[in-house]
Amino acid sequence: MPHTLIVGYGNVLRGDDGAGFLVAELLRERIRDPEIQILSQQQLLPELMEPISRVARVIFIDASVSGRAGKFQRIPLRPAPACARFTHHATPESLLAGAQSLYGHTPEATLYTIPGRFFETGEELTPSVRRAVNELAATLEVELAVRPSRGA
């Protein structure tokens, strides 16, 4: 069972919206640790609640429509309030709440956002978002490499 789950999500056919998906793809190429599971998703789905419930830590990575392009932001997460309901759009917070409600466990959770500027049809990232994707992938690669081993 992995210790850490990374979920990068976004639509790679909508310009900068694919930033989270692409960070996960880069990390999958660079990290070969069986304690780290990396998923690239077009969107968040309720099916993620079960794997989220099995880890000690989950990292979500997504594009954002607000913020300074070329930078990424780290946001600690908490489960959504118990009254939250699912619609066609799941959020990291609602998945955490569902993991707790259905499986009895909510891991430590963090959301990294990469502000974008171009969300129209197209597969290219803007240069500032491409830099932020590479910077976040490198940052997480280092951070995850120094993660203390279990039982230490």
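The values are calculated or read from the model by the stated rules, or taken from the named source; none is laboratory data. Small disclaimer: the values here were computed from a predicted structure and weren't measured. Cβ coordinates were reconstructed from backbone atoms using ideal geometry, including for glycine residues, and neighbour counts include every protein chain displayed.
Numbers at a glance
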quantity	calculated
Residue that is nearest to Leu102 (Cα to Cα) [pool: residues in region 72-91 that are basic (Lys, Arg) and modelled with pLDDT of 90 or more]	Arg78
Filter result for Leu136 (at pLDDT 95 or above, of a type outside the set (Lys, Arg), touching a Leu at 6+ places or on another chain (Cβ under 7 Å) and within 22 Å of Ala19 (Cβ to Cβ))	no
Residues of region 94-147 satisfying the condition of being in contact with a Phe, Trp or Tyr (Cβ under 9 Å, 6 or more places away or on another chain), surrounded by fewer than 19 Cβ atoms within 10 Å (Cβ to Cβ) and over 30 Å from Arg54 (Cα atoms)	Glu124, Thr126
Residues that are surrounded by fewer than 22 Cβ atoms within 10 Å (Cβ to Cβ) and among the hydroxyl-bearing types (Ser, Thr, Tyr), drawn from region 1-15	Thr4
Odd one out for Ala69, checked against (1) surrounded by fewer than 17 Cβ atoms within 10 Å (Cβ to Cβ); (2) modelled with pLDDT under 95	(1)
Residue match in region 5-22 (condition: touching a Pro at 6+ places or on another chain (Cβ under 7 Å), touching a residue at least 40 places away in the same chain (Cβ under 8 Å) and under 27 Å from Arg131 (Cα atoms))	yes
